[in-house]
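K.L.:
I have a structure I would like to understand better, so I am pasting it below and will then ask my questions one at a time.
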Amino acid sequence: MARRPRPTRPGRRPGQGNLVRIIGGEHGGRRLHFPSAAGLRPTADRVRETLFNWLQPCLPGSRCLDLFAGSGALGLEAASRGAAGVVLLEREPRVARRLRENVELLGLGQVSVVEADALNWLRTDPRQFDILFLDPPFGGDLMTAACRLLAQGHWLAPGARIYLEMDASSPLPPLPREWRPLREKRAGQVCYYLFAGPE
């Protein structure tokens, strides 16, 4: 006997995707849709709240890079809280398209969405950023490669802050010796770290 299709939940259209919430700043409380995609895993609210408490002193007026943007949870949160410029990198066209729609919806003129592979993009001419978010899909070696390219390519402004989010079962990759650890915390199956680059 054939299974009957499950009814759609009230208030949710097919293909509407998932929701991420901006926690603080100008757009705090806004909920934004993002599509499902392999490896796309938005940073949890409580992790973001802790992270942005750490970053708050250096966030206003900063230049931010979200290397594996996905839902945009990190980069859009930074923009809402006063970052002067944010670059969101996303290689999946459908996800990048939704990011652009959300940026337009919020009227965030300081945010640009770049549809590109993060590792290839880091091999182009560098520009400096004050805050860098690295939250790649779990289960690969993207973190190791991205950290190496960041260190080689002079992407870090003096004293830049570098955020790493990883599966708790994975060890930290080899990091540049000059990156100074500032914070470290665990939430469930996620470990997250904040480092400072050289002055």
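K.L.:
Taking the condition more than 20 Å from residue 154 (Cβ to Cβ) and in contact with a Cys (Cβ under 6 Å, 6 or more places away or on another chain), does residue 96 pass? Show your work before the answer.
P.N.:
Working: more than 20 Å from residue 154 (Cβ to Cβ): yes; in contact with a Cys (Cβ under 6 Å, 6 or more places away or on another chain): no.
No.
K.L.:
Please go through the stretch 52-84 and pick out each residue that is surrounded by fewer than 18 Cβ atoms within 10 Å (Cβ to Cβ), more than 21 Å from residue 29 (Cβ to Cβ) and either free of Cβ contacts under 8 Å to residues at least 60 places away in the same chain or touching a Pro at 6+ places or on another chain (Cβ under 9 Å) (or both).
P.N.:
57, 61, 84
K.L.:
Between 129, 133, which is under 20 Å from residue 88 (Cα atoms) and in contact with an Asp or Glu (Cβ under 7 Å, 6 or more places away or on another chain)?
P.N.:
Checking each option against the conditions leaves just 133.
K.L.:
In the list 145, 78, which residue meets the criterion of being touching a strand residue (DSSP E or B) at 6+ places or on another chain (Cβ under 9 Å) and aliphatic (A, V, I, L, M)?
P.N.:
Details: 145 fails: touching a strand residue (DSSP E or B) at 6+ places or on another chain (Cβ under 9 Å).
Answer to the selection: 78.
K.L.:
Another question about this same structure. Tally the residues that are of a type in the set (Gly, Ala, Ser) and in a strand (DSSP E or B), restricting the search to the stretch 69-87.
P.N.:
1
K.L.:
Search the stretch 38-68 for residues being part of a loop (DSSP other than H, G, I, E, B) and of a type in the set (S, T, N, Q), and hand back the single one that is modelled with the highest pLDDT.
P.N.:
So, considering only residues that are part of a loop (DSSP other than H, G, I, E, B) and of a type in the set (S, T, N, Q), the one modelled with the highest pLDDT is 62.
The values are calculated or read from the model by the stated rules, or taken from the named source; none is laboratory data. Only a predicted model underlies this, so the values are computations on that prediction, with no experimental measurement involved. Quick reminder, even Gly has a Cβ in these numbers, built from the backbone with ideal geometry, and neighbours come from all protein chains shown.
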